[in-house]
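**Student:** A single structure is presented below for examination.
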């Protein structure tokens, strides 16, 4: 896997939504590079499967059932993670949901708020909790710094018809993370976003299985395939590594050149 070229020994990364798809791909890349992991997910069966898979790399793995849209759950889970792991060096706010497709004038307030509560509020709660820990470490003389990562989307830049709440949540993520890059720099903490394109995950399963939809999408991806969770292993390992300590405020587009074709 792509994470093998980096040495993350002694580091601990937290990945929300890390029990499948892109999140699990990132976690695997970091595990192979020697990183210990905290995985947050809502599905107990997927959590157990992810724990088994990641533990096979010989790393310490803590899996917690967390709804990131619930501020109290996030705070409690972070406290428990720090108690068990001792530290969090990187936090990947990856958990997200898609919008139930609807034309904008028929989009309900409830659906709008459901999407933003996970994709934006959840990322805010998670990154804030991690940032508090990293700032405290820095103020106590720890020079290791930290990594804050927001999972955005190409939809956050280019929009997404019939998915306005999703696009809005991801656009806001980009702005929040850029602001974090400036505000957290004094503590040795970097902040970057990752923007996936068309990736084969549970969220996109219906589209992947639809010949008409896939027939429209694939010709527009120059590499001529759907992205996979494993395509995010290398970027996660790089961000967590000491090599990236001056790389902050960036947006990594992982889309097989879809958006520039």
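**Student:** Consider residue 39 carefully, then state whether it is buried (at least 24 other Cβ atoms within 10 Å of the Cβ), modelled with pLDDT of 95 or more and closer than 20 Å to residue 173 by Cα.
**Tutor:** The answer is no for residue 39.
**Student:** Does residue 100 fit the bill of being surrounded by fewer than 20 Cβ atoms within 10 Å (Cβ to Cβ), within 24 Å of residue 124 (Cα to Cα), out of contact with any strand residue (DSSP E or B) (no Cβ under 9 Å at 6 or more places or on another chain) and modelled with pLDDT under 95?
**Tutor:** yes
**Student:** Against the conditions (1) in contact with a helix residue (DSSP H, G or I) (Cβ under 6 Å, 6 or more places away or on another chain); (2) buried (at least 17 other Cβ atoms within 10 Å of the Cβ); (3) more than 25 Å from residue 75 (Cα to Cα), where does residue 150 fall short? Just the number, please.
**Tutor:** All conditions pass for residue 150, except number (3).
**Student:** While we're looking at this one, here's another question. In the range 125-174, what residues are under 12 Å from the mean Cα position of the chain (by Cα) and part of a helix (DSSP H, G or I)?
**Tutor:** Result: 126, 127, 170, 173.
**Student:** Something else: May I ask you to say which residue of 10, 58, 5, 86 is at pLDDT below 95 and surrounded by fewer than 19 Cβ atoms within 10 Å (Cβ to Cβ)?
**Tutor:** 5
**Student:** Can you pull out every residue in the range 61-78 that is buried (at least 17 other Cβ atoms within 10 Å of the Cβ) and over 16 Å from residue 128 (Cα atoms)?
**Tutor:** 61, 62, 63, 64, listed by residue number.
**Student:** How about the range 101-124: which of its residues are in contact (Cβ under 8 Å) with a residue 40 or more places away in the chain, farther than 23 Å from residue 67 by Cα and in a helix (DSSP H, G or I)?
**Tutor:** Correct list: 104 only.
**Student:** Do we find that residue 202 is surrounded by fewer than 16 Cβ atoms within 10 Å (Cβ to Cβ) and in contact with a helix residue (DSSP H, G or I) (Cβ under 7 Å, 6 or more places away or on another chain) in this structure?
**Tutor:** yes
The values are calculated or read from the model by the stated rules, or taken from the named source; none is laboratory data. Remember, predicted model here, so these are calculated numbers, not experimental data. Note that each Cβ is placed from the backbone with ideal geometry, even for glycine, and that neighbours are counted across all protein chains shown.
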